[in-house]
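Structure in structure tokens, see below.
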């Protein structure tokens, strides 16, 4: 398996533009996470899905952010309109949640999308 | 206040030194504790995890959790230049799939 695949790797956009980040999780994984990483705030969980259903979106900073998972092999994170303070590295991660109530589930991260909003 | 606190460093040590990395957490419901390693311009990768309190050893790496004090530690023995990376601690509740990360400590091991 190629691991978690994110695209694009780099994105530079102007303030006010719409930005769409894409993620393909590892085949067979049923949980998907979107994280944002900055020097100031570290790695923050934005939203996570289980079996394509959003479970916790409390980390989504504003209504400008939205995430979808139309099927088990694809997810998007959209920012509309984008602002300079959205500049960060956005990571997607996936894991297999066996829901047995015990046992750690390792999350596998993609390479990230480095977003710069100017 | 973040649920997991970690000193971002940076930390610089000579090759062969023992490295101690630490985190504290605030949520008593956390049961799983992980250390991820992140090389420059890469995604984090799981290094070790422990369940509840106790120690876990894997080669040169030892993870410790003290739930009474809500303290998480990672020790690296005989540190190597290839250990230079950012180390992130993370915590997770049992039966819950999302992790909360510390800020990450940037470590440099100088030859």
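The values are calculated or read from the model by the stated rules, or taken from the named source; none is laboratory data. Because the structure is predicted, anything quoted here is derived from the model rather than measured. Here Cβ is always computed from backbone atoms with ideal geometry, including for glycine, and neighbour counts include all displayed protein chains.
Residues in segment B:90-111 that are over 17 Å from the mean Cα position of the chain (by Cα) and on the phi > 0 side of the Ramachandran plot: how many?
1
Sticking with this structure for a sec: Can you find a residue that is at negative phi and in contact with a helix residue (DSSP H, G or I) (Cβ under 8 Å, 6 or more places away or on another chain) anywhere in segment B:69-89?
Looking for residues that are at negative phi and in contact with a helix residue (DSSP H, G or I) (Cβ under 8 Å, 6 or more places away or on another chain), one finds at least one in segment B:69-89, hence yes.
I'd like the full set of residues that are touching a strand residue (DSSP E or B) at 6+ places or on another chain (Cβ under 7 Å) and more than 10 Å from every other protein chain (Cβ to nearest Cβ), limited to segment A:50-61. Even if it seems obvious, please write down each step before you answer.
Taking segment A:50-61 first, the residues touching a strand residue (DSSP E or B) at 6+ places or on another chain (Cβ under 7 Å) are A:50, A:52, A:54-57, A:59-60.
Passing the criteria: A:52, A:54, A:57, A:60.
For segment B:27-73, give me each residue that is in a loop (DSSP other than H, G, I, E, B), in contact (Cβ under 8 Å) with a residue 40 or more places away in the chain, within 14 Å of another protein chain (Cβ to nearest Cβ) and surrounded by 15 or more Cβ atoms within 10 Å (Cβ to Cβ).
If the condition is that a residue be in a loop (DSSP other than H, G, I, E, B), in contact (Cβ under 8 Å) with a residue 40 or more places away in the chain, within 14 Å of another protein chain (Cβ to nearest Cβ) and surrounded by 15 or more Cβ atoms within 10 Å (Cβ to Cβ), then B:44 is the only one that fits.
Identify all residues within segment B:74-110 that are over 12 Å from residue B:19 (Cα atoms), more than 14 Å from chain A (Cβ to nearest Cβ) and part of a strand (DSSP E or B); write none if there are none.
The answer is B:110, and nothing else.
Let me ask something else about it. Take the residues in segment B:1-22 that are more than 11 Å from every other protein chain (Cβ to nearest Cβ) and within 13 Å of residue B:89 (Cα to Cα); name whichever of them is modelled with the lowest pLDDT. Step through it out loud before you land on a result.
Initial filter on segment B:1-22 (more than 11 Å from every other protein chain (Cβ to nearest Cβ)): B:1, B:7, B:9-22.
In the following step, the residues that additionally are within 13 Å of residue B:89 (Cα to Cα) were identified as B:7, B:20-22.
Values: B:7: 86, B:20: 96, B:21: 97, B:22: 96.
Only one residue tops the list, namely B:7.
Would a scan of segment A:99-106 turn up a residue that is at the interface with chain B (Cβ under 10 Å from one of its Cβ atoms), touching a residue at least 24 places away in the same chain (Cβ under 8 Å), part of a loop (DSSP other than H, G, I, E, B) and within 28 Å of residue B:32 (Cβ to Cβ)? Break it down stepwise before answering.
Quick first cut of segment A:99-106, residues at the interface with chain B (Cβ under 10 Å from one of its Cβ atoms) only: A:99-106.
Checking which are touching a residue at least 24 places away in the same chain (Cβ under 8 Å) leaves us with A:105.
Then drop every residue that is not part of a loop (DSSP other than H, G, I, E, B), which leaves A:105.
Now restrict to residues that are within 28 Å of residue B:32 (Cβ to Cβ): A:105.
Scanning segment A:99-106 turns up at least one residue that is at the interface with chain B (Cβ under 10 Å from one of its Cβ atoms), touching a residue at least 24 places away in the same chain (Cβ under 8 Å), part of a loop (DSSP other than H, G, I, E, B) and within 28 Å of residue B:32 (Cβ to Cβ).
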